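Working notes, beginning with the structure itself.
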Amino acid sequence: MGLVKRTKENLKKCLCIKCPSYAAVCKVKSIPDNLVHMLKKDIETVEHMEGLFCAFGKSKCITREKGCICPECEVYSENNLSKMYFCLEERGK
């Protein structure tokens, strides 16, 4: 379970897609599912998304630390988060 509310507003602010750890292969693999979830009226009940990892938990695709931009994200600061790499570890590390 993530630390942040699963809302479209938070998803719009999310920088995960720009993160260097989010490899191009992972981005391409996640596009179909993420688009379906984004079109839903309410993403609060979505079990997992490849993005907004501080809300949806660690990635099922990202496997290596290549840099973390979590502290630059508006969602991160608005929710007073202090850890990083939410994509690699539940609740960050």
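No value in this document is a laboratory result; all are computed from the given coordinates. This structure is a prediction, so every number in the text was calculated from the model and none was measured. Cβ placement follows ideal geometry from the backbone for every residue including glycine, while neighbour counts extend to all protein chains displayed.
Residue 41: farther than 19 Å from residue 89 by Cα, more than 11 Å from the chain's Cα centre (by Cα), assigned to a helix (DSSP H, G or I) and among the charged types (D, E, K, R), yes or no? No. Before we move on, is residue 6 buried (at least 18 other Cβ atoms within 10 Å of the Cβ), touching a helix residue (DSSP H, G or I) at 6+ places or on another chain (Cβ under 9 Å) and among the basic types (Lys, Arg)? Taking the combined requirement at face value, the residue satisfies it. Cβ separations smaller than 7 Å between residues 6+ apart or across chains give the following pairs from segment 68-93 residues that are part of a helix (DSSP H, G or I) to residues that are surrounded by 15 or more Cβ atoms within 10 Å (Cβ to Cβ) and among the β-branched types (Val, Ile, Thr): 75/4. Among the residues of segment 58-93, those that are charged (D, E, K, R) and either at negative phi or in contact with a Cys (Cβ under 8 Å, 6 or more places away or on another chain) (or both) comprise 58, 60, 64, 65, 66, 72, 74, 78, 83, 89, 90, 93. If you go through segment 39-64 and keep only what is touching a residue at least 12 places away in the same chain (Cβ under 8 Å) and farther than 15 Å from residue 5 by Cβ, you end up with 48, 50, 58, 59, 60, 61, 62, 63, 64.
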